[in-house]
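Presented below is the structure to which this report refers.
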Amino acid sequence: MTEEATPAGTGVADVPVSASESASESEPAAEPVAPVAPAPPAGGKARRPPAGAEPGRPSDTTLVEAVLTVAERPVGIAEFATALDIPARRVERLLAELAERYEREERGFRLRHVGRGWRLYTADECAPWVERFVLAGQSARLSQAALETLAIVAYQQPVSRGRVAAVRGVSADGVIRTLTARNLIEECGHDHESGAILYRTTDYFLERMGLRGLDELPRLAPLLPGVADVDDIVAS
């Protein structure tokens with residue numbers, strides 16, 4: 001059998017090329033595609049730090065609690081807002097939430113709104129044990145500082161810590177706590193101007209002093225500065 005002759009010009013180089021193959025040879029190589037950014041988490045946009053947030057700043061709740069632990073008098077909403085740079089309405093909401101949380105969790109302290117501000121107080125049910133702790137190891141005799149403070153409260157009651165400190169020339173915080181723990185003085189309201197807690201002597205004080213009333217106190221008032229003098233000391 002004889003082979004058929006291949007027509008001239010029909011070598012491999014003359015085999016027709018498909019359109020797609022022709023295009024791939026003539027077009028330049030495609031550039032690499034840039035990586036696609038990951039999609040934001042489901043349910044909303046990706047979180048971003050608040051505008052103007054301070055690096056390392058604790059939460060607003062933490063800051064409010066920190067101030068409450070060092071406050072020796074009720075702290076007002078405006079004071080929190082100014083010192084912590086938190087809107088007043090948010091401060092008010094945080095304080096209410098903290099007060100509710102402490103009571104719900106049966107903490108050993110309570111957050112109360114008294115006078116014009118907020119302050120932490122020992123839970124009433126813990127009072128006997130707290131009193132035992134405060135009085136543990138204390139001397140039965142009052143110190144000279146305690147006697148001076150007790151005299152000032154007795155003769156100028158109701159009186160605030162600030163006035164007592166002005167008369168004595170030193171802080172009276174520790175002595176006030178001691179006298180309160182021994183039930184010789186007690187809180188009796190707040191000053192209308194400053195909101196400071198006012199103190200007065202107790203019935204137990206009269207009992208220990210052998211008095212029927214404050215009118216039987218010895219006439220020692222002339223030895224203490226008058227109210228006007230105290231105002232001058234505080235203003236100076």
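The values are calculated or read from the model by the stated rules, or taken from the named source; none is laboratory data. Source: prediction; values computed, not measured. Here Cβ is always computed from backbone atoms with ideal geometry, including for glycine, and neighbour counts include all displayed protein chains. Heavy atoms of the whole protein, side chains included, go into the accessibility calculation; ligands, DNA and RNA do not. Shrake-Rupley method; radii C 1.70, N 1.55, O 1.52, S 1.80 Å.
If I ask for residues that are buried (at least 20 other Cβ atoms within 10 Å of the Cβ) and in a loop (DSSP other than H, G, I, E, B), which ones from region 149-185 would you list?
A172, R182, L184
Could you tell me whether any residue of region 186-202 is touching a helix residue (DSSP H, G or I) at 6+ places or on another chain (Cβ under 7 Å), buried (at least 17 other Cβ atoms within 10 Å of the Cβ), more than 16 Å from E72 (Cα to Cα) and of a type in the set (A, V, I, L, M)?
Checked region 186-202: no residue is touching a helix residue (DSSP H, G or I) at 6+ places or on another chain (Cβ under 7 Å), buried (at least 17 other Cβ atoms within 10 Å of the Cβ), more than 16 Å from E72 (Cα to Cα) and of a type in the set (A, V, I, L, M).
Within region 56-71, which residues are touching a helix residue (DSSP H, G or I) at 6+ places or on another chain (Cβ under 6 Å) and either surrounded by fewer than 16 Cβ atoms within 10 Å (Cβ to Cβ) or within 25 Å of E193 (Cα to Cα) (or both)?
T61, V64
Could you please tell me which pairs satisfy a Cβ distance under 7 Å, a separation of 6+ or placement on different chains, a first residue in region 160-173 that is without any contact (Cβ under 8 Å) to a residue 40 or more places away in the chain, and a second residue that is crowded, with 19+ Cβ neighbours inside 10 Å and among the charged types (D, E, K, R)?
Between residues of region 160-173 that are without any contact (Cβ under 8 Å) to a residue 40 or more places away in the chain and residues that are crowded, with 19+ Cβ neighbours inside 10 Å and among the charged types (D, E, K, R), the close pairs are A172/R161.
Only residues that are open to solvent by less than 70 Å² (accessible area, probe 1.4 Å) and without any contact (Cβ under 8 Å) to a residue 12 or more places away in the chain: list them for region 108-127, please.
The answer is A127, and nothing else.
Within region 99-111, can one find any residue that is hydroxyl-bearing (S, T, Y), outside any loop (DSSP other than H, G, I, E, B) and in contact with a helix residue (DSSP H, G or I) (Cβ under 6 Å, 6 or more places away or on another chain)?
no
Check F133 against each of (1) farther than 24 Å from G213 by Cα; (2) open to solvent by 30 Å² or more (accessible area, probe 1.4 Å); (3) modelled with pLDDT of 85 or more and name the one condition it does not meet.
So the condition that F133 fails would be (3).
I'd like to verify a number: residues in region 210-219 that are assigned to a loop (DSSP other than H, G, I, E, B) and open to solvent by less than 80 Å² (accessible area, probe 1.4 Å), how many?
Our first condition is that a residue be assigned to a loop (DSSP other than H, G, I, E, B); within region 210-219, this holds for 210-213, 217-219.
So of that shortlist, the ones also open to solvent by less than 80 Å² (accessible area, probe 1.4 Å) come out as 210-211, 213, 217-218.
Number satisfying all stated conditions: 5.
Need pairs with beta-carbon distance below 6 Å; first residue touching a residue at least 60 places away in the same chain (Cβ under 8 Å) and within region 187-214, second among the charged types (D, E, K, R); sequence gap 6+ or separate chains.
Correct list of pairs: G195/R116; A196/R73; I197/E187.
Can you find a residue in region 119-136 that is farther than 23 Å from E65 by Cβ and small (G, A, S)?
yes
Can you tell me which residue in region 63-99 is modelled with the lowest pLDDT, limited to those that are within 14 Å of V114 (Cβ to Cβ) and among the small types (G, A, S)?
Among residues in region 63-99 that are within 14 Å of V114 (Cβ to Cβ) and among the small types (G, A, S), the one modelled with the lowest pLDDT is A71.
So, in region 82-107, how many residues would count as being farther than 25 Å from D173 by Cβ and open to solvent by 20 Å² or more (accessible area, probe 1.4 Å)?
Selection size over region 82-107: 15.
Tell me which of these E207 doesn't satisfy, since it passes every other one: (1) surrounded by fewer than 17 Cβ atoms within 10 Å (Cβ to Cβ); (2) of a type in the set (D, E, K, R); (3) modelled with pLDDT of 85 or more.
The number of the failed condition is (3).
If you scan region 72-87, which residues turn out to be closer than 22 Å to H192 by Cα and in a helix (DSSP H, G or I)?
Once the filter is applied, which keeps residues that are closer than 22 Å to H192 by Cα and in a helix (DSSP H, G or I), region 72-87 yields I77, A78, E79, F80, A81, T82.
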